[in-house]
1. Mind listing whichever residues of region 1-25 are touching a helix residue (DSSP H, G or I) at 6+ places or on another chain (Cβ under 6 Å) and more than 16 Å from L62 (Cα to Cα)?
2. Looking at (1) under 9 Å from the mean Cα position of the chain (by Cα); (2) among the hydrophobic types (A, V, I, L, M, F, W, C); (3) open to solvent by 40 Å² or more (accessible area, probe 1.4 Å), find the lone condition where M1 falls short.
3. Could you list, in sequence order, all residues of region 4-14 that are surrounded by 13 or more Cβ atoms within 10 Å (Cβ to Cβ) and over 11 Å from the mean Cα position of the chain (by Cα)?
4. Look at S26 and say whether it is of a type outside the set (K, R) and free of Cβ contacts under 8 Å to residues at least 12 places away in the same chain.
5. Looking only at region 15-50, which residues are closer than 11 Å to L5 by Cα and open to solvent by 50 Å² or more (accessible area, probe 1.4 Å)?
Amino acid sequence: MNNRLEELRTQRGIKQEELASLLRVSRQTISSLENGRYNPSILLALKIGRFFGCTVEEIFILDEEDQNHAL
């Protein structure tokens, strides 16, 4: 799964630490999300979407491999 988290965060001028604090997670969680090493829980994905005013699908993008496994 790919995501636009770093892009959206930097567009807003927010540091990883600030976003982590607002979402009540660690900075390492934000870093891992941005680097694709961690997939968020549904609750965290929804919180991130709400924070950025986007749908979860606008932030987190299934790649072709993920879509094939989901079917």
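The values are calculated or read from the model by the stated rules, or taken from the named source; none is laboratory data. Every value quoted in this text rests on a predicted model; they were computed, and no experiment measured them. Methodologically, a virtual Cβ is constructed for each residue, glycine included, from the backbone with ideal geometry; neighbour enumeration extends over all protein chains shown. Calculation scope for accessible area: heavy atoms of the full protein, side chains included, ligands and nucleic acids excluded. Shrake-Rupley method; radii C 1.70, N 1.55, O 1.52, S 1.80 Å.
1. Matches in region 1-25: E6, L8, R9, Q16, E17, L19, A20, L23.
2. Going through (1) under 9 Å from the mean Cα position of the chain (by Cα); (2) among the hydrophobic types (A, V, I, L, M, F, W, C); (3) open to solvent by 40 Å² or more (accessible area, probe 1.4 Å) one by one, M1 breaks only (1).
3. Within region 4-14, just I14 meets the criteria.
4. Spelling it out, S26 is indeed of a type outside the set (K, R) and free of Cβ contacts under 8 Å to residues at least 12 places away in the same chain.
5. Hit for region 15-50 is N35, nothing else.
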